[in-house]
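Single-structure report; data block below.
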Amino acid sequence: MTPSFDLILHNGTVVNQDGIGRANLGIRDGRIAAIGDLHGAVAAETIDATGLHILPGVVDSQTHMREPGNEHKEDFETGGRAAVLGGVTSVFEMPNTNPPTTTPDAVADKVRRAHHRMQCDFAFYGGATTENVDLLPEIERQPGCCGIKVFMGSSTGTLLVASDDDVRRVLNSIRRRAAFHSEDEFRLRERKALALQGHVETHPTWRDAEAAVLCTTRLLRLARETGKRIHVLHISTADEIPLLAAAKDVATAETTPQHLTLAAPECYERLGTYAQMNPPIRSAEHRDGIWKGIAGGVIDVLGSDHAPHTRAEKDKTYPDTPSGMPGVQTLVPIMLDHVNAGRLTLQRFVDLTSAGPQRIFGMARKGRIAVGYDADLTVVDMNARRTITDKWIASRCGWTPFNGVEVQGWPIGTIIRGRRVMWEDEILGAAGGEPIVFVEALPRG
């Protein structure tokens, strides 16, 4: 009997647990059904992927889509379009919206808002506060919830859990891995006067490396005291890498393409407040130290920390300017350029953007090109040379810190659960995004 599929990708170079090599993929009912020689098989749709690499669908595990409350910057529709144009198949979204995502109903509301409005699949963090600790176990069991997010230092929004006692209460109340913005709030308050009016280059002086190191040191101690798993977001210092390397029993870590690509003071001289984010972009020495963390396997995932703001907001005078920059659409091309420059291998990129998120957060059926898994694929041309431009950006903010940057390596196609949603910079069909399922919160049958 002739095997039949809904979609076959022919002659692509597949990057998966079997290594890197030419293979055909057969997709049926939204999942990968066969890998290998599919000579003679038939399909409703075929794609000739000759000359292209087929990667497991890229997961951006840190984004801010701004809905509800700040839809003038972004919403689920525009953010989802930006994601798939950049080759991203799934996103995790942060809780510092307005109102913040601090109740089970708030998570459920976001799932309803995003369902079939986002082009990509999605999950939402619940936010911890000093008042909602008793609700956290219910929040982390909500369908579509990827875990609990804790801000130990003030950033954008009102969520803050600063003291050891309150962080301990949060950790003791939950079962799943919690994610942390790790900057020491007490040091930030002490040093606020160092953020000089009109001088954005003082942003990393105010929010210095010691603020991150102090907080991460405290956090690792609290994780061990409570016996809980933690995930430290957007690592920005070389000094945190050895701390995290010594804590792999309790801690995983993320960094961003911005912290691997930009460096002070040049980025502030060139971009001004458009380079402002929390934790800050620091010196080249810190950037180099984070790259050592990539090479050594200390960094587990990449997240873009996609955090769009309007030009009008960014054009105010520092420090009355918001921190954050868009990134979900540029994560793949920026990092593929680093691959082509020899700074990491394509396999390591896959580990950071699909296998890593699956391993850390326990996504069901995602993160691998393997039979039985969702057919989430990022198809890339490693030889394509393109220039990133503001005009290409689909985010409502309409700008990128990488405007004018020429890269080698480009997302050609985004396939989600077997459906081609983007091909050659064109979005195809209506949005069909679904909530991600996590093995620690499986629905009961």
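The values are calculated or read from the model by the stated rules, or taken from the named source; none is laboratory data. Predicted model only: the values in this text are computed from it and were never measured. Cβ atoms come from the backbone with ideal geometry, glycine included; neighbour counts cover every protein chain shown. These accessible areas exclude ligands, DNA and RNA; they are computed on the full protein's heavy atoms, side chains included. Shrake-Rupley method; radii C 1.70, N 1.55, O 1.52, S 1.80 Å.
Observations
- Assuming charge only on the beta carbon of Lys and Arg (+1) and of Asp and Glu (-1), the dipole of the stretch 130-170 about its Cα centre is about 160 debye to the nearest 20.
- The residues of the stretch 10-125 present an accessible area of 34 Å² per residue when probed at 1.4 Å with all protein chains retained.
- Fraction of beta bridges assigned by DSSP in the stretch 1-152 that are antiparallel (%, nearest 5): 40
- Our helix-only sum for the chain, with -39,500 (n - 2.57) per DSSP H run of n ≥ 4 divided by its residues, gives a mean residue ellipticity at 222 nm of -7000 deg cm²/dmol.
- Note on the stretch 297-421: with charges restricted to the Cβ of Lys and Arg (+1) and Asp and Glu (-1), its dipole about the Cα centre is near 400 debye.
- Compared with the dominant Cα axis of the chain, that is its longest principal axis, helix 76-85 is turned about 60°.
- Among the protein heavy atoms of the chain, carbon and sulfur supply 48% of the accessible surface, probe 1.4 Å, non-protein parts ignored.
- Heavy-atom accessible area with a 1.4 Å probe sorts Arg444, Arg229, Arg221, largest first, into Arg444, Arg221, Arg229.
- Among Phe186, Phe92, the sequence by solvent-accessible area, most first, with a 1.4 Å probe is Phe186, Phe92.
- By DSSP, the beta bridges lying fully in the chain are antiparallel in about 50 percent of cases.
- Applying the Kirkwood pairwise sum to the alpha-carbon positions of the stretch 39-94 produces a hydrodynamic radius of 13.7 angstrom.
- The accessible area of Arg169, taken with all protein chains in place and a 1.4 Å probe, comes to roughly 100 Å².
- Between 0 and 90 degrees, the angle of helix 284-295 with respect to the longest Cα principal axis of the chain falls at about 40 degrees.
- Cross-link reach is defined here as a Cα-Cα straight distance under 30 Å, omitting same-chain residues fewer than 8 places apart; for Lys248 the lysines meeting it are Lys149, Lys228, Lys292, Lys366.
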